[in-house]
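The values are calculated or read from the model by the stated rules, or taken from the named source; none is laboratory data. Being a predicted model, the structure only gives us computed values, none of them experimental. No Cβ is skipped: glycine too gets one built from the backbone with ideal geometry, and neighbour counts run over all protein chains shown. What goes into the accessible areas is simple: the full protein's heavy atoms, side chains included, and nothing from ligands, DNA or RNA. Shrake-Rupley method; radii C 1.70, N 1.55, O 1.52, S 1.80 Å.
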Amino acid sequence: MLAKPIRTLLWYLKRPRYYSQLVNEILTKLHTACFSSGRGREHAGNWCREHAISTNEAIYCITGTRPAESIQQQFAGIFTEAHKRASQCPVQMGGPGELDLLYYLAEYTAAVNILETGVAYGWSSLALLLSLQKRPGCHLYSIDMPYPGLQNEEYVGCVVPSEMKKNWILIRFPDWQAIPRVLNDIDGPIDLCHYDSDKSWRGRMCSYKRIWKALRPGGIFISDDIDDNTAFRDFSVSVNADPIVVEKGNNFAGILIKKETH
Ligand SMILES: C[S@@+](CC[C@H](N)C(=O)[O-])C[C@H]1O[C@@H](n2cnc3c(N)ncnc32)[C@H](O)[C@@H]1O
């Protein structure tokens, strides 16, 4: 069995379309080595714990209503099939975002254009598409590059049923290349964004800034795993937005709502 760095390097060497991402990852690792002091997991985790509320409280705080049931209850048949497809997947990918939060905030914003980064099995894509399918002319733009070293390309988004894919555009490039392209192609601003891909401080700060600019006033930005480092906290300070921190099991998601004045 080859060591992980060698497997990762071989994976990249076989895929020329991701060569520039290899360079980007090396730059990110150097950046983390030089500037991670005070921005790490411990600081971020303490800040999240101080501010955290539950998913239902966050939904209530933003929408003024409490969901009567989870989306897994509301769409039980679709989720049973989705779990079956996930269990048949031969590779293990990243875990789901906060699905109720995504669905109910997509409903609340009556989202037409949604951007998400990080698909893996596609649980977050499924939650967002369940809301979007009710509105004509809507689109989910999902960005995902496969895990370096894992042979998971063909399984990305596997839990999404094929009949729900007509409003779904999946872009298989790294964030830093895909986000500017998608934002350029989208007709109109973004109503909602779920960020769940590159978790480095450098990667987040670069993408958060781009996405925030494209979000409409009243639009909602959600980022997963914000306890990995202080990027979400630092970004919320830089744009002067009030952060909402949601506890999800062992980690945290963050929400920012863009005001007219931002
Ligand atoms: C935690 S998983 C996403 C889970 C998904 N949001 C869900 O709820 O089911 C993270 C995904 O982001 C992808 N990813 C990681 N770094 C990325 C990058 N720089 N650009 C695009 N995708 C990336 C990973 O390959 C993986 O598929």
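Assorted remarks:
- Members of region 58-81 found to be outside any helix (DSSP H, G or I) and over 18 Å from Leu130 (Cβ atoms), listed by number: Gly64, Arg66
- Enumeration of residues in region 235-251 that are in a helix (DSSP H, G or I) and buried (at least 18 other Cβ atoms within 10 Å of the Cβ): Phe235, Ser236
- The residue of region 195-234 that is most open to solvent (accessible area, probe 1.4 Å), among those that are aromatic (Phe, Trp, Tyr) and in contact with a Ser or Thr (Cβ under 8 Å, 6 or more places away or on another chain), is Trp201.
- Listed conditions (1) crowded, with 21+ Cβ neighbours inside 10 Å; (2) touching a residue at least 40 places away in the same chain (Cβ under 8 Å); (3) away from the ligand (no atom under 16 Å from the Cβ) are all met by Ala127, apart from (3).
- Hits in region 153-194 - residues which are in contact with a Lys or Arg (Cβ under 9 Å, 6 or more places away or on another chain), assigned to a loop (DSSP other than H, G, I, E, B) and away from the ligand (no atom under 16 Å from the Cβ): Gly188, Pro189
- If the condition is being open to solvent by less than 50 Å² (accessible area, probe 1.4 Å) and among the small types (Gly, Ala, Ser), then region 18-39 contributes Ser20, Gly38.
- Test: Asp225 is in a loop (DSSP other than H, G, I, E, B) and farther than 30 Å from Gly137 by Cα: yes
- Filter result for Gly249 (within 16 Å of the ligand (Cβ to nearest atom) and on the phi > 0 side of the Ramachandran plot): yes
- Any hit, region 143-155, residues being small (Gly, Ala, Ser), crowded, with 19+ Cβ neighbours inside 10 Å and touching a residue at least 12 places away in the same chain (Cβ under 8 Å): no
- Restricting region 138-152 to residues that are assigned to a loop (DSSP other than H, G, I, E, B) and of a type in the set (A, V, I, L, M, F, W, C), the residue that is nearest to the ligand (Cβ to nearest atom) is Met145.
- Qualifying residue in region 210-222 (condition: at pLDDT 95 or above, of a type in the set (Lys, Arg), closer than 26 Å to Thr32 by Cα and within 16 Å of the ligand (Cβ to nearest atom)): yes
- Glu116 meets all of the listed conditions (1) touching a residue at least 12 places away in the same chain (Cβ under 8 Å); (2) part of a loop (DSSP other than H, G, I, E, B) but one, namely (2).
- Given (1) within 24 Å of Ala231 (Cβ to Cβ); (2) open to solvent by less than 50 Å² (accessible area, probe 1.4 Å); (3) of a type outside the set (Val, Ile, Thr), index of the condition Arg15 fails: (1)
- Selection count, region 64-103, where residues are within 22 Å of Asp227 (Cα to Cα), open to solvent by 30 Å² or more (accessible area, probe 1.4 Å) and either modelled with pLDDT under 95 or more than 16 Å from the ligand (Cβ to nearest atom) (or both): 3
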